[in-house]
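Chemist: This structure is in structure tokens; I'll ask about it shortly.
The values are calculated or read from the model by the stated rules, or taken from the named source; none is laboratory data. Keep in mind it's a predicted model, so treat the numbers as computed, not measured. Note that we place each Cβ from the backbone using ideal geometry, even for glycine, and neighbour counts take in every protein chain shown. Accessible surface areas use protein heavy atoms only, side chains included; no ligands, DNA or RNA. Shrake-Rupley method; radii C 1.70, N 1.55, O 1.52, S 1.80 Å.
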Amino acid sequence: MIYDIAVVGGGIVGLATARDLLLRHPHLKLVLIEKEPALSRHQSGHNSGVIHSGIYYTPGSLKARLCVAGRKAAWEYCTRKGIPYKNVGKLIVATEPEELPRLDTLMQRGIENGIEGLELLDAAGIEAREPAFRGIKAIWSPVTGIVDWAQVALAYGDDVREAGGTIHTGREVTGLTRKNGITDIRTPEGSFEARYVITCGGLYSDRLAKMSGGKTDPKIVPFRGDYLVLRPEKRHLVNTNVYPVPDPQFPFLGVHFTPRMDGSIWLGPNAVLAFAREGYSLTTINPRDLAESLTYPGFLRVMSKYWKIGFGEMYRDIFPSAYVKALQRYMPSLTPEDCLPGPSGVRAQAMDSNGDMVDDFFFEGSEGIMHVRNAPSPAATSSLAIGRYIAEDAEQRFAIGDPVAS
């Protein structure tokens with residue numbers, strides 16, 4: 001069979017894309033190809049479970065637009081499908097006077113992005129919402145929530161099958177060759193042929209792009225984030241998401257407190273170089289992945305710029321007491337005995353050879369092929385909006401035809 005469209009990648013972005021394409025074009029013969037034995041095994045299944053409001057992102061950027069639209073669509077989807085979620089809200093807390101201008105800038109950004117119900121709180125307001133926490137000023141976002149994104153992704157997969165799509169797991173794509181208007185998609189278990197291909201490879205997005213002659217940059221460098229979890233008897237101390245004010249000198253959000261749908265409380269994560277693209281522990285090492293990171297000029301430039309911060313992250317990774325000290329800025333009563341080792345995730349951080357982090361969602365295409373080159377957080381929150389964005393792009397790029405109402 002020659003498929004009309006093949007989607008490579010069974011994470012939440014690939015599944016949302018396949019779903020939207022089939023809802024808009026039910027006649028399509030579509031196949032989704034995933035290298036793991038099951039769907040949603042990596043970033044989609046190893047994240048904090050937050051439904052982001054959209055406050056952080058540059059007004060007018062794809063991240064801002066798609067996060068706000070995706071968050072609203074996620075609420076509606078979960079309600080319709082009976083997937084539990086909670087709007088627990090978020091506090092973004094300043095603990096030092098030098099953070100106040102950044103907090104005010106963030107508030108203005110949230111207003112420009114149309115985030116509903118934002119409030120500025122003083123120290124008493126922070127303590128009233130979260131008695132165990134301290135700060136001098138905070139933004140309260142009531143439209144930040146939590147959900148099990150892996151459950152949502154699997155529901156997207158059910159939608160794909162119900163709409164007539166085919167899903168193959170355990171098929172790692174090793175080659176993409178375009179000839180006479182057809183792309184041959186090679187896997188060790190056999191090949192697929194498709195008129196058009198969309199890759200949503202996450203941690204492997206750069207390698208998939210390279211297979212079809214895509215640009216070298218941006219390059220994926222994996223960063224591991226390790227969490228602690230609050231002991232069950234201390235869970236009552238955290239009711240909402242509590243985040244720091246983002247540091248513009250550091251490309252990650254910093255340690256935070258995250259309630260989960262199962263009642264647990266995650267603390268963190270830190271951010272350290274992963275020694276493998278699937279390096280969920282300190283001892284997991286893939287020589288090829290590690291060599292690519294350590295010899296990439298962009299990563300070396302990032303390390304020269306952020307070496308002091310990077311050393312601090314590594315130190316906290318090795319010494320949990322230092323990790324807890326970072327959390328005590330917001331929750332002074334927290335002790336190392338209150339915390340247990342938690343799970344880990346790996347972020348696919350895209351960067352260019354100049355050492356600049358790719359901040360926005362980024363897509364790249366050539367004849368018959370489209371690659372999702374960068375879709376980090378808030379990709380899960382944005383997934384339905386990203387899927388629609390890619391489907392609309394594909395309609396123009398591939399001349400698929402007029403969509404039906406979806």
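Chemist: At 0.36 nm per residue, minus the direct Cα-Cα distance, what do Ile136 and Glu76 gain on full extension? Give it in nm, one decimal, please.
Modeler: Additional length available on full extension: 18.1 nm.
Chemist: Okay, helix-only estimate at 222 nm for the chain: each DSSP H run of n ≥ 4 adds -39500 (n - 2.57), divide by all residues, round to 500 deg cm²/dmol; what do you get?
Modeler: It comes out at -10500 deg cm²/dmol, rounded to the nearest 500.
Chemist: I would also like to ask the following. Over the chain, what is the relative contact order in whole percent, taking alpha-carbon pairs under 8 Å and six or more residues apart?
Modeler: This gives 24 percent for the chain.
Chemist: Please report the spacing between the Cα centers of region 18-47 and region 102-146 in Å, no decimals.
Modeler: Region 18-47 and region 102-146 have Cα centres separated by 36 Å.
Chemist: At q = 0.22 Å⁻¹, what is the base-10 log of I(q)/I(0) for region 31-141 according to the Debye formula with one equal point scatterer per Cα and no solvent? Please give it to two decimals.
Modeler: Those come out to -1.24, one per q.
Chemist: Given a 1.4 angstrom probe, what's the average accessible area per residue across the chain, in square angstrom?
Modeler: On a per-residue basis, the chain sits at 41 Å².
Chemist: Would you mind checking region 350-380 for residues with the amide N under 17 Å from a putative spin-label position 7 Å along Cα→C-beta of Thr284?
Modeler: none
Chemist: Excluding residues fewer than 8 places away in the same chain, name every one of the lysines whose C-alpha is closer than 27 Å to that of Lys72.
Modeler: Counting by Cα, and skipping residues close in sequence, Lys72 has these lysines nearby: Lys63, Lys81, Lys86, Lys90.
Chemist: Could you give the length gained on full extension between Asp262 and Ser321, defined as 0.36 nm per residue of separation minus the Cα-Cα distance, in nm?
Modeler: That works out to 18.7 nm of additional length.
Chemist: Quote the Stokes-Einstein diffusion coefficient, in whole µm² s⁻¹, for the chain, based on the Kirkwood radius over alpha carbon pairs, a temperature of 20 °C and a viscosity of 1.002 mPa s.
Modeler: Taking Rh from Cα pairs, D becomes 98 µm²/s.
Chemist: What ranking of Lys210, Lys81 comes out by heavy-atom accessible area, probe 1.4 Å, highest first? Mind showing how you got there, number by number?
Modeler: Values: Lys210 155, Lys81 85 Å².
The residues order as Lys210, Lys81, largest area first.
Chemist: Between Met314 and Glu119, what is 0.36 nm times their sequence separation minus the Cα-Cα distance? Round to one decimal in nm.
Modeler: Stretched fully, the Met314-Glu119 segment lengthens by 66.7 nm.
Chemist: Follow-up question, since we're still on this one. Set the Förster distance to 22 Å, then compute FRET efficiency between Met1 and Asp184 from the Cβ-Cβ distance, nearest 0.05.
Modeler: The pair Met1/Asp184 has a calculated efficiency of 0.95.
Chemist: Can you give the translational diffusion coefficient of region 93-215 in µm²/s, computed by Stokes-Einstein from the Kirkwood radius over Cα pairs at 4 °C and 1.567 mPa s?
Modeler: Translational diffusion coefficient: 67 µm²/s.
Chemist: Just in region 181-264: which GluC sites (Glu not before Pro) are loop by DSSP and have at most 13 other Cβ atoms within 10 Å?
Modeler: Filter output for region 181-264: Glu189.
Chemist: State, to one decimal in nm², a quarter of the convex hull surface area for the C-alpha atoms of region 293-387, i.e. the direction-averaged projected area. Don't jump to the answer; show the numbers that get you there.
Modeler: On the way: hull surface 36.7 nm².
Answer in nm², one decimal: 9.2.
Chemist: If you build a Gaussian network model of the chain, linking Cα atoms that sit under 10 Å apart, which residue out of Val272, Val197, Val302 swings the most?
Modeler: Largest GNM mean-square fluctuation: Val302.
Chemist: State the answer as a single residue: which of Cys67, Leu23, Gly135 lies farthest towards the positive end of the charge dipole of the chain, with beta carbon charges of +1 for Lys and Arg and -1 for Asp and Glu, about the Cα centre.
Modeler: Ranked along the dipole, the leading option is Leu23.
Chemist: Using a 10 angstrom cutoff on alpha carbons, build the Gaussian network for the chain and name the most mobile of Cys78, Cys67, Cys200.
Modeler: Cys78
Chemist: Going 7 Å from the Cα of Glu96 toward and past its Cβ, which residues in region 308-343 have a backbone nitrogen under 20 Å from where you end up?
Modeler: Inside the label zone: 308-317, 321-334.
Chemist: Quick one: pull the percent of accessible area on the chain belonging to carbon and sulfur, 1.4 Å probe, ligands and nucleic acids left out.
Modeler: On the way: 9010 of 16770 Å².
For the chain, the apolar C and S fraction of the accessible surface comes to 54 percent.
Chemist: Leaving out same-chain residues fewer than 8 places away, which aspartates and glutamates sit with a Cα under 12 Å from that of Lys305?
Modeler: Asp356
Chemist: Determine, for each peptide in 331-338, 24-31, the mean count of other beta carbons within 10 angstrom over its residues, then list the peptides with the highest first.
Modeler: In descending order of packing, they fall as 24-31, 331-338.
Chemist: With only alpha-carbon atoms in the gyration tensor, what are the semi-axes of the equivalent ellipsoid for region 218-314, in Å, largest first?
Modeler: On the way: eigenvalues 172, 55, 19 Å².
Taking √(5λ) for each Cα gyration eigenvalue gives 29, 17, 10 Å.
Chemist: From Cα pairs below 8 angstrom and at least 6 apart in sequence, can you work out the relative contact order of region 217-359, rounded to a whole percent?
Modeler: Over region 217-359, the number comes to 37 percent.
Chemist: Using each residue's phi in region 197-211, evaluate 6.51 cos²θ - 1.76 cosθ + 1.60 at θ = phi - 60° and report the 3J(HN,Hα) Karplus result to the nearest Hz, with x for Gly and Pro.
Modeler: 9, 10, 9, 10, x, x, 5, 10, 4, 5, 5, 5, 5, 5, 4
Chemist: Mind checking which helices in the chain clear 15 Å along their axis (Cα) and have mean Kyte-Doolittle hydropathy of 0.0 or more, DSSP H runs only? Let's see the in-between values first.
Modeler: Details: long enough: 12-24 (18 Å, 1.07); 62-81 (27 Å, -0.40); 100-112 (18 Å, -0.34); 149-162 (20 Å, -0.25); 297-318 (27 Å, -0.20); 379-398 (26 Å, -0.12).
Those that pass (Cα extent of 15 Å or more, hydropathy at least 0.0) are 12-24.
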